[in-house]
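Written out below as structure tokens is the structure these notes cover.
The values are calculated or read from the model by the stated rules, or taken from the named source; none is laboratory data. These numbers were taken from a predicted model, which means no experiment stands behind them. Every residue, glycine as well, gets a Cβ built from its backbone with ideal geometry; the counts of neighbours run over all protein chains shown.
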Amino acid sequence: MFSVAIVDDDEAARTGLRECFKYLETKIGEQFQIDEFTGADHFFMHFDGQYDIIFLDIEMPEMDGMTAARRLREVDKTVTIIFVTNSARYAVQGYEVDALDYIVKPVDKYAFALKMQRALSRVVRRKDANIMLKTNDGIECLQVSHIKYLEVEGHYVIYHTYYGDYSVYSTLSAEEKKLPASQFVRCNRNYLVNLRYVESVRDGVCVLAGEELMISRPQKKKFIQTLQDYMRGGGQL
């Protein structure tokens, strides 16, 4: 099942999209959980990183679709955004927020089905390669490939990433289960390393992304073996 948000102040447009989803369900055999919102403010009151696809009307009072998309990208850099608009000329700015596509009202169910094939392909890839974090500041969606390593700090786990550091109230064991074991391995009890970033191993030290992390004696054999397997497998994810 895919989770969808429709953000549009036009009730007829929301109803039209729902009808398109009913048609799509009969064609591809998938189900969609759909939530409707009458405006961007209403949407953000309920948003918790739970949607696979978000349809945004470009022309809305108070907060328009482009403004909402920019705000959305501050907390979720990869969720699939599709604009809904009365005129295609308003959708050309979509590249600024990495919008996948746009749909012109009134929505044609056949054109809608074709566009959704592309959208669902992106969603599947996103689910396979992303992780959602609940931090003190809200929800963050991170690409697994952008995580360098995890570090324990008291009752928190720090995700060190390309985008910066994110802190979650959790244990390293709990966070470790969310990540692929073939790519993430402990170098000691306090660090979980993304093998993608390992530059070298020497004298009991793992060097990754310019930083040095100690490899403990109990973890050394497994760490080296997993690293070798990862490199033989092509070293990508």
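Considering (1) closer than 23 Å to Gly49 by Cα; (2) free of Cβ contacts under 8 Å to residues at least 40 places away in the same chain, the lone condition that Glu153 does not fulfil carries the number (1). Residue pairs whose Cβ atoms lie under 7 Å apart, sitting 6 or more positions apart in sequence or on different chains, and linking a residue in region 202-220 that is among the hydroxyl-bearing types (Ser, Thr, Tyr) to a partner that is exposed (fewer than 14 other Cβ atoms within 10 Å of the Cβ), are Ser216/Arg189.
When Tyr156 is tested against (1) over 22 Å from the mean Cα position of the chain (by Cα); (2) under 23 Å from Leu133 (Cα atoms), only condition (1) is not met. Checking each residue in region 72-96 for being part of a helix (DSSP H, G or I), hydrophobic (A, V, I, L, M, F, W, C) and either closer than 18 Å to Gly39 by Cβ or in contact with an Asp or Glu (Cβ under 8 Å, 6 or more places away or on another chain) (or both) picks out Leu72, Val75.
Please determine, by comparing only the residues of region 204-237 that are farther than 15 Å from Tyr191 by Cα and assigned to a loop (DSSP other than H, G, I, E, B), which one is modelled with the highest pLDDT. Checked region 204-237; the qualifying residue modelled with the highest pLDDT is Gly210. The residue of region 181-206 that is farthest from the chain's Cα centre (by Cα), among those that are exposed (fewer than 15 other Cβ atoms within 10 Å of the Cβ) and within 26 Å of Gly154 (Cβ to Cβ), is Gly204.
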